[in-house]
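Working notes, structure below.
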Amino acid sequence: MKKFMNALTSIVLTSLAFVTLFVSCNNDDDDNSSNGGNAITLTADQIVGKWVVTDSNSPYASFEFTADGNYIVTENTADSLQSSASTKSSLLKPESVKAADKLSAKDDSNSSPTYSGTYTIKGDAITLSDFGTIKVTGLTAEEMHFSFTLYATGEKYNLVAGKSLQSNVIVTTFAGGGNGGYFADGTRSVATFSYPSSMTIDKSDNLYLVDAQLIRKVTPEGVVSTIINMNPNLDALHYVNLYGIAIDGSGNLYVSDGNKGNILRVTQSGEMSIFVTGCSGNIAIDASGNLYVAGRSIQKVTPAGVVTTLVDGSAIPLSDFESLVGIVISGNDLYLTGRGNSATDNNGIYKVDIVTKAVTTIAVSSGHGFADGTGSNAQFHDLGGITIDASNNLYVIDGATIRKITSLGVVTTIAGSGYGYADGIGTVAKFNTFNGNGGITIDKSGNLYVADYENSLIRKISFIK
C-alpha cells in the first residue's frame, strides 16, 4: 500500500510540474506576441513616416506612410538589383504596372521608381492597395520588423526597417494622369490637366484652379470636374489668358483675364460675367469680399466693383523687370512674391498692411540664386505662388522647390530638389513648376496643394506629426 501511495504521489507531482510548465510556456508566448506577434494592434500614429529597409539586398529601399492614408514604396536600385523594365513590371499587378510606367515616364532623372496608393490597417497587417500586404512582427518607435507579400507573385520578403528622421514632409500625387495638353474629368489619376496654375480653396477644402482656358474643381476625394470651358465662348470673349483666381465667402469665383485686362466672376450656378475692366493680375480676397490684385502695383476692388490703387509699384522695392506674381492675405496683411526676368532682377517676398499701406521686405535676393537662410541671407531662384498657414508661416513655389518662410524670416527648403517628377519624402520629391509657374494653397488640416504646371498634376504635401 505504501509503495502504491508513493507511486501515486510521484504521478501527481509529475502532472503538476507538466501543467505548470505548459502554463509557463503559454505565458511566455503571450509575452512574445505582444512584442511582435499576432497580438500587435497597429495604429496610424505608429507607422506614419518613412521606414528605410536595412537590408541592401532587398528589392525595396523604403516604405512610407502618410497620416491621410497614402503609401509610397521606393525600389532599391543598387547595382546588384538592376533589372529590366519588364522584370520590374512583372512584380506588379496590372493596375500598378500602369502607375509604374506613368511614374517612370514622368521622371527624367535616374531616381528610384516609386509606387503609391492608399493603405488600410487591421490588427498587425497593413494592406497596400494594388501592391501587397505587410504583416508586422515587431515594432518600436525606431524599428519595424515585418514580412511583405507581393500580390502579383505571392513572393514574401522578411524585412527590417528603421524609421527615417530625415524629414517630416511627404509629397504625393493627389490628382491627374500626367497627360499635358489634354484635359479630362474623373477621379484621381483618371482625370487629366492641361497646364494647371493659379489655385484657391473653399471652406469645404474644395480646390479651384485655372487650367489653361478652363476653370477646374477638385474635391477632397480627388474628383475633378470642369466648371468653365472658355473655348466655346471665344467669339464672345475673344482669346483669354486666365491666371489668377480667388473665391469669396458666398462661393463666387473671381478670375483674371490678362489678355483683355478684365476680372471675371463665376457664380456657384456657373454663370460667368465681367466683374471689372482695366484690372487684372493675381488675386486675393479678404473677409469682406474686397479683391486685391497684384501686378506692378496693388489695386483694391470693392464688392461693388469700385477700383482704387492701394499701393503704387514705386512703394514696393521692385527691380526694373520684377513683377508681383503671387499674393495671399491674412488678416490685414497682404503677402506677395515678386519675380524678375534678368540675372540682376530681384526675387522678393513682401508684406503690405492694407490699413496703413506700409510695405515691409521679408526676404529678397538679387538674381537667380538658391540658398536657405534668414532675410537677405536667403536666395531665391524663380518665385511663384504663395500661401500661408495658421501660424503665419509662408510657403512659396521657387523654381522646382517649395520653400517655407517663418514669421521671423527664416527660409528653408521643405520639398523638391530639381526639375522632374517624383513623389517622396522632402527633397527626394521633384516638381516641374518651371520658372515658378503653378499655384499653391493650404487646407484646414495644414496640407499643401501644388499645381505642378509642366507635369500637369496636382501634388499634395503632408506634414508628419
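Taking Rh as the Kirkwood radius computed over C-alpha pairs, what is the Stokes-Einstein D of the range 334-395 at 4 °C in a medium of viscosity 1.567 mPa s, expressed in µm² per second? Could you put the intermediate results ahead of the total?
Values: Rh = 12.2 Å.
For these conditions, the coefficient is 107 µm²/s.
May I ask you to give the solvent-accessible area per residue for the range 306-465, in square angstrom, as obtained with a 1.4 angstrom probe?
36
Quick query: amide H of G385 versus all other amide H atoms, modeled in the peptide plane; which residues come in under 5 Å with a sequence gap of 5 or more or a different chain?
Correct list: I397.
Using a 1.4 Å probe on the protein heavy atoms only, what accessible surface does D130 show? Give it in Å² to the nearest 10.
Taking all protein chains as shown, D130 has close to 60 Å².
Remind me, relative contact order of the range 259-325 in percent, using alpha carbon pairs under 8 angstrom and six or more residues apart?
Worked out over the range 259-325, it gives 21 percent.
Using modelled amide H (1.01 Å from N, peptide plane; none on Pro or chain starts), what sits under 5 Å from the amide H of F431, excluding residues fewer than 5 places away?
It is S417, G418, G420, by chain and number.
Looking at the range 297-427 from every direction and averaging, what is the projected area of its Cα convex hull in nm²?
8.9
Ratio of alpha-carbon Rg to the 2.2 N^0.38 Å globular estimate for the range 248-331, to two decimals, please.
Against the compact-globule rule of thumb, the ratio is 1.09.
In whole Hz, what ³J(HN,Hα) sequence does the range 118-126 give by Karplus (6.51, -1.76, 1.60; θ = phi - 60°), x for Gly and Pro?
Running phi through 6.51 cos²θ - 1.76 cosθ + 1.60 with θ = phi - 60° gives 10, 10, 10, 10, 8, x, 9, 10, 10 Hz.
Could you let me know the centre-to-centre spacing of the range 346-374 and the range 240-317, using Cα atoms, in angstrom?
Their Cα centres are 22 Å away from one another.
Mind listing the phi-derived Karplus ³J(HN,Hα) values for the range 45-57, rounded to whole Hz, using 6.51, -1.76 and 1.60 with θ = phi - 60°, and x for any glycine or proline?
4, 6, 9, 4, x, 9, 10, 9, 5, 7, 7, 5, 8
If you roll a 1.4 angstrom probe over the protein chains with everything in place, what fraction of the accessible area of the range 196-293 belongs to carbon and sulfur, to the nearest %?
44
Once amide H atoms are built 1.01 Å from N in the peptide plane, which residues 5 or more positions from I464, or in another chain, come under 5 Å H to H?
V169, I170
The values are calculated or read from the model by the stated rules, or taken from the named source; none is laboratory data. These figures come from a predicted structure and were not determined experimentally. In case anyone asks, the SASA skips ligands and DNA or RNA and just uses the protein heavy atoms, side chains included. Shrake-Rupley method; radii C 1.70, N 1.55, O 1.52, S 1.80 Å.
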